[in-house]
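What follows is a single structure, written as structure tokens, with notes after it.
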């Protein structure tokens, strides 16, 4: 265990061979392919469509349906509290519907499931299922989603659009009821098919709204909603002249759908507490009353049922999408034929029975007192429950893919009919389960059934027997239990392949990381030469056999997947994983040798390895959490400032001024992650930042002339370049001009003046020339980095609108502090003789005076990973990208050009990344470690985060929550390409950086693992 390390033979100097370079190119290609394929896996795991086909409809066995027709009114964006609560004068905003609740019908709150958007809301209400979550990838394009809905005829009146198309040979008409109108939200094409079956509906969502101009016109949706009503009234009037139309309208099982957009659009534009939004609630109530009067006067048979609800609510900020109660809670009012009358009760607190709605609300939550509805029974439902309610009212089968549970407390049925309705609802859900079970069993070599429903037929027979015996209470109980088990079975088969896929992908990532570690150990560390020779002989003799076995396993796995009719991507996932582990087995002898070396090391070295591994994992988990709360970086840099300054003062024993500088720069940077991600406009800060950038550059310029101690690593005091002063002056002038142009363009915009073309041209020229000038700066480390800092400052300033301009300087100060500390550490280590002179080998190790990696060098990739993330999260987050201020690109472009604007925004985001990578490249040259080896370590660290994000992908929640979870996983996965491309790009600026020649002659040193060697 503890003791002195055994003397080891010294490795001979060598440089990367052609085979090593070729192997690294293939490794990079493999990494790109692996991450691209595995990124697609989340759509096979988390985002599979729940829709199945081939089930037979289950109509309820009624003697007669409760209603002949139904009217569905959907007030888009109407939240429950604004509908039920009184206004400031104590009057209720919806007096007609309020009277319905108190005198004619039932009421409750419909709980929507995130994402609370219009399309998922309408699909849940009409089709009874929660939209395929993979639609998150299609939100901004035209989507055609085939679903089943109730009814033979749906009159779709959507924001002025009335468009009906029927099969010609059934109704003998080509078109019916086409009126003028602009499709804003829903384009409904309805096809009627055979009697007693379901219609087919294609829902096409158009983004962005074609009526986007309406968002800023107060009250324009009020006449638009009234126009919707007038169009329907005109249709009824035409039916008196058109016999075929009247015959169609007088059919049973007619469903009329009115979609009212006013609340949603005015809520976005003016917020839900504005008078415009609240007045629209009154208009919606007036339309409901008018619609009721029209229907009763036209049909005059009391056989019409009415359902009033909303697709989603509206947050106080005028948005929707997440799971906040203001977005998920919507009103539900039902009255008319087949609907129970109000039930009066004395309000008492009811115990929580453990039931949760789809928005995770508790069952029987108390009704707010200001609604004044405690005396009327409240029946809450999940949004998908509305679909079977409407189907039952008109005597139709529930939609085939519906997962809604029939809310019987709304229905006025006999006990026998009520049980029959619930049983039909149960059979419809059970049919989905049986179809999914059949599909999975037909394609599985080893099928695992859902055991709780193994004897479902016996339960159905028992229910039928109870109905025959008129034991309706027990029949209802058994039907509801069977329905709950069927819903659980649907979830079971929806996630049937999860374990296999997630295991395959996880093993693939682990195999990739092990391959990276093996490559770094073999190519960038100082293992004894005899160990390398032994493993090479083994590899030559066995690699062919290992690959043959790997190919056999791939072929066998492919046959199994083909027999199970698995998608092609399943083959790719499995092949990639098997290939990676085949490569690991090929290096088995080398792995054993590494283990022997570790076993023979003193105990303190083993503990050192474990400690560093635990610290690295802790830092990586911290970075994962920072994706959800960027304020964590504030604590990170507060602690880092104290630790780094203490390390400089105590262990490195450098100057106290350096310790104070590192401490203050870290604390200065910690302020920015406390600021809002959506940057408020403050151009005075941008102008001030220009002065701060100049002062920072002047301080760096002064340090570049310092000839003492460790500064010589960063300067070339013996090669003073007189041209540098002129170049430095030109760059400072460019920064000053950029600040002036920020002030001029802001003044023009504040006066509603368009940016002058001359000013626009100056901005483009300054930004372009400034980025070229660093190429002509001196090649010493500090001089080149200062020039790069000044070169990217003008475009960053011109694209800034607030505190992010100051962040640029603060971030650069921390990067300078990093390279200062690394130089001081190297200088003091050599001065104190801690470079292990016993292992010095005269001459170059890799070329460019690079040395082997040692375990302590892991700090450099770790710090790079932290700063790489801070480069993004320091001034924003993923949500702030989509909501950037348009004025940030105003100084370059004054017309609306989405692609150019997006390009400028992305370029601005890239600038801090460029600074980090330039500093990282310079540090690898100062410390003399291979940059490509560090690149592989960075990818290794990022893939530890990738595995964590893989398990954090969400398929529930708002579009933003789902999208962010995909973005987190995708961005970290893409770092294998992203970092490499930025390395190639920044290499233009850093490839000719030189370390002072004075040190090169005396410090051609090979460092070894933990002070002796790195296995």
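For this structure, a couple of remarks:
- For the stretch 239-327, the helices (runs of 4 or more DSSP H) that sit wholly inside it and include 1 or more residues that are free of Cβ contacts under 8 Å to residues at least 40 places away in the same chain and more than 27 Å from residue 383 (Cβ to Cβ) are 243-249, 275-299.
- Take the conditions (1) closer than 26 Å to residue 42 by Cβ; (2) in contact with a helix residue (DSSP H, G or I) (Cβ under 9 Å, 6 or more places away or on another chain); residue 435 misses just one of them, which is (2).
- Candidates 382, 401 - the one that is within 26 Å of residue 424 (Cα to Cα), in the same structural domain as residue 93 (by TED's automatic domain parsing), modelled with pLDDT under 90 and surrounded by 15 or more Cβ atoms within 10 Å (Cβ to Cβ): 401
- Scan the stretch 860-896 for residues that are exposed (fewer than 15 other Cβ atoms within 10 Å of the Cβ) and modelled with pLDDT of 70 or more and the total you get is 1.
- Here the condition is being in a helix (DSSP H, G or I) and modelled with pLDDT under 85; of 922, 902, it holds for 902 alone.
- Condition check for residue 370: at pLDDT 85 or above, farther than 24 Å from residue 420 by Cβ and not in a loop (DSSP other than H, G, I, E, B): yes
- For the residues 601, 625, the requirement of being in a loop (DSSP other than H, G, I, E, B) and out of contact with any strand residue (DSSP E or B) (no Cβ under 8 Å at 6 or more places or on another chain) singles out 601.
- Test for residue 463: is it under 25 Å from residue 109 (Cα atoms) and in a helix (DSSP H, G or I): no
- Any chance residue 652 is exposed (fewer than 15 other Cβ atoms within 10 Å of the Cβ), outside the structural domain of residue 864 (by TED's automatic domain parsing) and more than 24 Å from residue 971 (Cα to Cα): no
- Highlighted here are the helices (runs of 4 or more DSSP H) found entirely within the stretch 29-139 that include at least 1 residues which are farther than 30 Å from residue 249 by Cα: 80-84, 95-103.
- Residue check for residue 326: touching a helix residue (DSSP H, G or I) at 6+ places or on another chain (Cβ under 9 Å), surrounded by fewer than 19 Cβ atoms within 10 Å (Cβ to Cβ) and modelled with pLDDT under 90: no
The values are calculated or read from the model by the stated rules, or taken from the named source; none is laboratory data. Computed from a predicted structure; not experimentally measured. Don't worry about glycine lacking a Cβ; one is built from the backbone with ideal geometry, like all the others, and counts go over all protein chains shown.
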